[in-house]
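The values are calculated or read from the model by the stated rules, or taken from the named source; none is laboratory data. The structure displayed is predicted, hence computed values, not measured ones. Note: ideal-geometry Cβ built from the backbone for every residue, glycine included; neighbour counts use all protein chains shown. SASA here: full protein model, heavy atoms, side chains in, ligands and nucleic acids out. Shrake-Rupley method; radii C 1.70, N 1.55, O 1.52, S 1.80 Å.
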Amino acid sequence: MSDRNEALGHENLGPLSESHGFLSRRAPHHDLPPPHDAWVAAVDELPELCRTLTVRARLDELPLLDASADSLDDRDLLRGASLLGLLAHAYNNVPLRPPERVPETIVRPWLQTAERLGRPPLTLTNTDFIFDN
């Protein structure tokens, strides 16, 4: 599987190697290219946003970004899915009262990444939360 991932230039179908088992052979990257770096910036701010209970106000300002293959490269897909899942969960849980809705600026690209990865919609996986974060 590692040869296939090397040829593809990403591990979107899952990492698997003798040296690392089911863990990626590469450290997850932090940054995404513009304009998707807006997701990175928002996630980087989450500790302070949670502390000040301003998550929703900040995330309501996010631009609507396309996560299709035309706009978000395959090699950035796992990081994008991880970022969007973290943003959605923060929006839904801080503060504790549930919102009426999670903004389309988070939901639409999150659905796109899930579809491209062959995942159920609106899923934050353990891999997203732990390994690709």
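Values computed for the structure shown
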{"quantity": "Number of positions in the range 51-72 that are under 16 Å from GLY118 (Cα atoms) and either aromatic (Phe, Trp, Tyr) or open to solvent by 10 Å² or more (accessible area, probe 1.4 Å) (or both)", "calculated": "2"}
{"quantity": "Selection status of LEU84, of a type in the set (A, V, I, L, M, F, W, C) and either open to solvent by less than 30 Å² (accessible area, probe 1.4 Å) or closer than 18 Å to LEU46 by Cβ (or both)", "calculated": "yes"}
{"quantity": "Which numbered condition VAL94 fails, given (1) within 13 Å of the chain's Cα centre (by Cα); (2) buried (at least 17 other Cβ atoms within 10 Å of the Cβ); (3) more than 20 Å from ARG26 (Cβ to Cβ)", "calculated": "(1)"}
{"quantity": "Evaluation of ILE130 against (1) part of a helix (DSSP H, G or I); (2) buried (at least 18 other Cβ atoms within 10 Å of the Cβ) (one fails), failing number", "calculated": "(2)"}
